[in-house]
Amino acid sequence: MAKILVVEDEEDLSSVITEWLVRDHHVVESVDNGADALELLAVNKYDLIVLDLMLPELSGMEVCRRYRAKGGDAHVLMLTAQSSLDAKEAGLNAGADDYLSKPFELRELVARVRAMLRRPSARIPDLISVGELTIDLRQAKVFRHGAEIRLVPKEFDLLAFLIRHHGQCFSAEALLERVWCSSSTPLTETVRTHVKTIRKKIDSADRQSLIQHIPGYGYKFEL
Ligand code: CA
């Protein structure tokens, strides 16, 4: 059981999301705009926020940014329009933990919420140090001993996704679905190639690769 805030301006969608989450034994409150969401978030503690990106006036992105800026640490699941990759990336940069593209199956939303609630609620800071590396998730930069290591945007996206979901293992197919644009049609080989390049750039010879490959399962990052 978790306390969840649903921020969605489409009335029908909001009530059906609420219904499914309540059926999954959560306590659910809902609002249809960003200002009301921020007001509730200022006084109540929620475990998770289902946040629509396209809201009238205050966007979901802005709500998320302001909430995080005030130290809000609930999980944020952003709902985005389909295949709008820029929006997804911007959402993650604004502090969302995960996103779901519309239209989605309600079963998928409930499953995603469950998975998110299983994760420790501690927020991943923007600056992460792993060994001799410093990874700046907000600026999308990686440094070794202060010198920048250049990753192409997709390499960084993949690395950042694995860091944000550290400890969880993802198959190449799952990574394609979560990190690549759904309108493009990359192959799972693309994921392998990217992992290989990232490893070459960030790993040191004297320690285990930061991106672990678990045969038969997929890839994961351990902080
Ligand atoms: Ca909307």
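Think of each Lys and Arg Cβ as +1 and each Asp and Glu Cβ as -1; about the Cα centre, that makes the dipole of the range 101-201 roughly 160 debye. What is the range 127-221's relative contact order, in percent, from Cα pairs under 8 angstrom and six or more apart in sequence? About 25 percent, as a whole number. Against the longest alpha carbon principal axis of the chain, how many degrees, from 0 to 90 and to the nearest 10, is the axis of helix 188-202 turned? For 188-202 against the chain, the angle is about 60 degrees. Remark: the Q212-D73 segment gains 47.3 nm on full extension, using 0.36 nm per residue and subtracting the alpha carbon distance. On the range 3-121, 50 percent of the accessible area sits on carbon and sulfur atoms, based on a 1.4 Å probe. To put it simply, the accessible area of the range 127-221 at a 1.4 Å probe is 52 percent carbon and sulfur. Which of V31, V179, V43 moves the most in a Gaussian network model of the chain with Cα springs under 10 Å? Ranking V31, V179, V43 by mean-square fluctuation puts V43 first. Considering only G91, G71, G60, the Gaussian network model of the chain with Cα springs below 10 Å gives its largest mean-square fluctuation to G71. Taking Cα atoms only, the orientation of helix 106-118 departs from the longest principal axis of the chain by about 60 degrees.
Distance between the modelled labels on E57 and R144, one decimal in nanometres: 5.0 nm (7 Å Cα→Cβ projection).
In this structure the amide hydrogen of V6, modeled in the peptide plane, comes within under 5 Å of the amide hydrogens of E29, S30, V31, V50, none closer than 5 places in sequence on its chain.
Among D206, D9, D136, the sequence by solvent-accessible area, most first, with a 1.4 Å probe is D206, D9, D136. Ordered by 1.4 Å accessible area with all protein chains kept, D97, D52 run largest first as D97, D52.
Averaged per residue, the chain has 51 square angstrom of accessible surface, using a 1.4 angstrom probe with ligands and nucleic acids left out. When both the range 12-85 and the range 152-223 are represented by their alpha-carbon centers, they are found 28 Å apart.
For the cross-link pairs K154/K201; K88/K196; K141/K220, the ones whose C-alpha atoms lie over 18 Å apart are K88/K196; K141/K220.
Couplings 3J(HN,Hα) of the range 203-220, computed from phi: 7, 9, 5, 8, 9, 4, 4, 5, 8, 8, 10, 9, x, x, 10, x, 10, 8 Hz, in residue order, whole Hz [Karplus 6.51 cos²θ - 1.76 cosθ + 1.60, θ = phi - 60°; x for Gly and Pro].
Based on C-alpha pairs under 8 angstrom that are at least 6 apart in sequence, the chain has a relative contact order of 13 percent. Extension gain, A111 to D136, is 6.0 nm, computed as 0.36 nm per intervening residue step minus the present C-alpha separation. Note on E19 and L40: the extension gain reaches 5.6 nm, defined as 0.36 nm multiplied by sequence separation minus the Cα-Cα distance. A Gaussian network model of the chain, with springs between Cα atoms under 10 Å, assigns the largest mean-square fluctuation among A111, A35, A147 to A147. Look at the alpha carbon pairs under 8 Å that are at least 6 residues apart: their mean separation over the length of the range 16-83 gives a relative contact order of 32 percent. Assuming charge only on the beta carbon of Lys and Arg (+1) and of Asp and Glu (-1), the dipole of the range 3-121 about its Cα centre is about 680 debye to the nearest 20. Secondary-structure-derived ellipticity at 222 nm for the chain, considering helices only, amounts to -12500 deg cm²/dmol, per-run term -39500 (n - 2.57) for DSSP H runs with n ≥ 4.
The values are calculated or read from the model by the stated rules, or taken from the named source; none is laboratory data. Predicted, not measured: the structure shown is a model, and the values here were computed from it. Quick reminder, even Gly has a Cβ in these numbers, built from the backbone with ideal geometry, and neighbours come from all protein chains shown. Keep in mind that these areas ignore ligands, DNA and RNA; they rest on the heavy atoms of the full protein, side chains included. Shrake-Rupley method; radii C 1.70, N 1.55, O 1.52, S 1.80 Å.
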